[in-house]
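Each value in this text was obtained by applying a stated rule to the coordinates, not by laboratory testing. What you are looking at is a predicted structure, and each value in this text was computed from that prediction instead of being measured. Note that each Cβ is placed from the backbone with ideal geometry, even for glycine, and that neighbours are counted across all protein chains shown.
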Amino acid sequence: MYSEFMKKFRDLLHNSIYLYLDHLSSNQAFLMSYKLELHTVMLLIIKKLSRSLQVELAYFFYIQSDLSEVASKSAFCQARMKIKSSLFKAFNEDLLCLLHRHRLYGYLSAGEFKKVAIDGFKLRLPQTKDLKEEFGTVKNQHKREIAMASAALAYDINTGYAIEADLDKIKTSEKGLVLPWLEKDLFDEEHLLIYDRFYLGWAYAYEHIVRGIHFIMRARVNWNKATQEFIASNSKDKIVTITIPEKALTDLRKKGYDLTGKATIKVRLVKGKDLNGKEVYYVTNVLDKQVLSKAEIHQDYAKRWQVETAIDALKNKIQLECFSGHKKEVIEQDFHAAIILYNISKVVHNHAME
């Protein structure tokens with residue numbers, strides 16, 4: 001299975017000029033390229049350009065026994081600007097499809113949810129004027145303006161692969177990064193999305209419920225009256241009807257939802273205990289206790305920590321914040337290429353463990 005997958009992966013890479021034409025700057029891009037074909041530029045970006053660019057180019061052509069054809073730094077920089085960052089997102093989707101096809105993605109039992117942990121994180125960017133204007137800044141302890149970006153990662157708990165990721169301006173909220181994924185139907189009724197307490201909001205919960213997407217969200221102690229009453233009660237697992245607050249209703253109406261009067265949603269509140277014995281609270285729209293028990297909710301939320309580990313690997317092992325350029329398009333290319341590198345590393349790791 002693994003060798004066949006690698007063969008298909010190489011085919012995918014070498015056919016990229018035909019498969020991803022819509023993600024190039026023009027229909028003529030790379031058609032006349034010799035030293036720097038599209039798949040060559042893609043590989044260079046995915047493999048991570050951590051040293052000086054000329055050293056990276058020399059080494060890349062050296063391992064192909066083609067030192068006489070080493071491309072210049074200028075040629076590479078011009079070539080990469082012909083590639084839209086969306087190409088790497090599309091390539092990652094195709095990579096995951098290949099894994100499915102060759103039975104390397106993992107298996108689910110009948111009726112089991114596809115469990116996806118979602119979390120947001122911040123990225124420090126190169127400190128240039130253009131990137132500060134493009135992504136925004138935050139002040140550090142010395143009151144200096146630091147260029148930063150907001151990012152989000154969707155991590156498949158069952159398989160260990162990163163299935164989606166995005167970055168945007170630093171002021172973009174964690175929910176704001178994830179909502180487009182819901183709107184483009186990345187998830188469906190087979191998925192169970194697991195969030196920490198910073199994602200809980202009734203408008204956000206409604207966006208899931210109306211699409212039939214299941215979720216577990218951690219709840220804060222003082223979230224609202226219904227949760228406060230539940231926490232004060234002796235109940236451990238209770239279905240409640242929540243009246244959506246007016247502010248959340250206004251936001252939903254602006255998005256085109258036809259909600260009049262006092263709209264409500266039905267959710268399930270559950271109590272559990274963390275490793276320190278402290279009581280924790282969850283909100284889910286899986287109302288059937290036979291489908292998802294209280295114990296399973298607590299176990300599944302505990303597995304959410306894996307997305308934190310994946311973010312740590314991206315930032316500290318793959319060195320995501322060591323960007324290879326200072327332009328917005330380069331930042332986005334490097335970001336999405338790092339997700340591909342993470343997944344390829346996972347494939348190799350899984351094969352080695354077997």
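What the table below lists for this structure:
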{"item": "Farthest toward positive dipole pole in the chain [+1 Lys/Arg, -1 Asp/Glu at C-beta], among Met81, Ser25, Phe335", "result": "Phe335"}
{"item": "Relative intensity, log₁₀ I(q)/I(0), of the stretch 147-271 from a Debye sum that treats every alpha carbon as a point, q = 0.17, 0.19, 0.22 Å⁻¹", "result": "-1.02, -1.22, -1.45"}
{"item": "The stretch 237-354 - Rg (one decimal) and Dmax (whole number), Cα, Å", "result": "21.1, 58"}
{"item": "For the chain, with +1 on Lys and Arg beta carbons and -1 on Asp and Glu, the positive-most of Phe230, Gln299, Val347 along the dipole", "result": "Phe230"}
{"item": "Helical segments meeting 24 Å axial Cα length and Kyte-Doolittle -1.0 threshold in the chain (DSSP H)", "result": "328-353"}
{"item": "Ranked packing of 129-135, 22-28, most packed first, by mean Cβ within 10 Å", "result": "129-135, 22-28"}
{"item": "With 10 Å bins from 0: P(r) over the chain, alpha-carbon pairs, percent", "result": "5, 21, 28, 24, 14, 6, 1, 0"}
{"item": "Cα-based equivalent ellipsoid of the stretch 287-354: semi-axis lengths in Å, sorted from largest, via gyration tensor", "result": "33, 17, 10"}
{"item": "Stokes-Einstein D for the stretch 1-133, Kirkwood Rh over Cα pairs, 20 °C, 1.002 mPa s (µm²/s)", "result": "122"}
{"item": "Distribution of pairwise C-alpha distances over the stretch 222-264, 5 Å bins, in %", "result": "5, 19, 24, 17, 13, 13, 7, 2"}
{"item": "Chymotrypsin sites (Phe, Trp or Tyr not before Pro) within the stretch 291-345, DSSP loop, no more than 16 other Cβ atoms inside 10 Å", "result": "none"}
{"item": "Of every Cα-Cα pair in the stretch 5-44, the percent that sits beyond 12 Å", "result": "59"}
{"item": "Rg(Cα) / (2.2 N^0.38 Å) computed for the stretch 198-293, rounded to two decimals", "result": "1.11"}
{"item": "Angstrom value of the Kirkwood radius, inverse mean 1/r, which spans all Cα pairs in the stretch 107-199", "result": "14.8"}
{"item": "Label zone at Arg124 (point 7 Å along Cα-to-Cβ), backbone N below 17 Å, the stretch 151-182", "result": "151, 170"}
{"item": "Convex hull volume of the stretch 191-244 per residue (C-alpha atoms, cubic angstrom)", "result": "90"}
{"item": "Spin-label model distance (nm) - Lys278 vs Leu186, 7 Å beyond Cα toward Cβ", "result": "3.0"}
{"item": "Calculated FRET value between Ala295 and Lys238, using beta carbons and R₀ = 22 Å, to 0.05", "result": "0.90"}
{"item": "Label-point gap, in nm, between Leu21 and Ile209 - each point 7 angstrom along Cα→Cβ", "result": "4.7"}
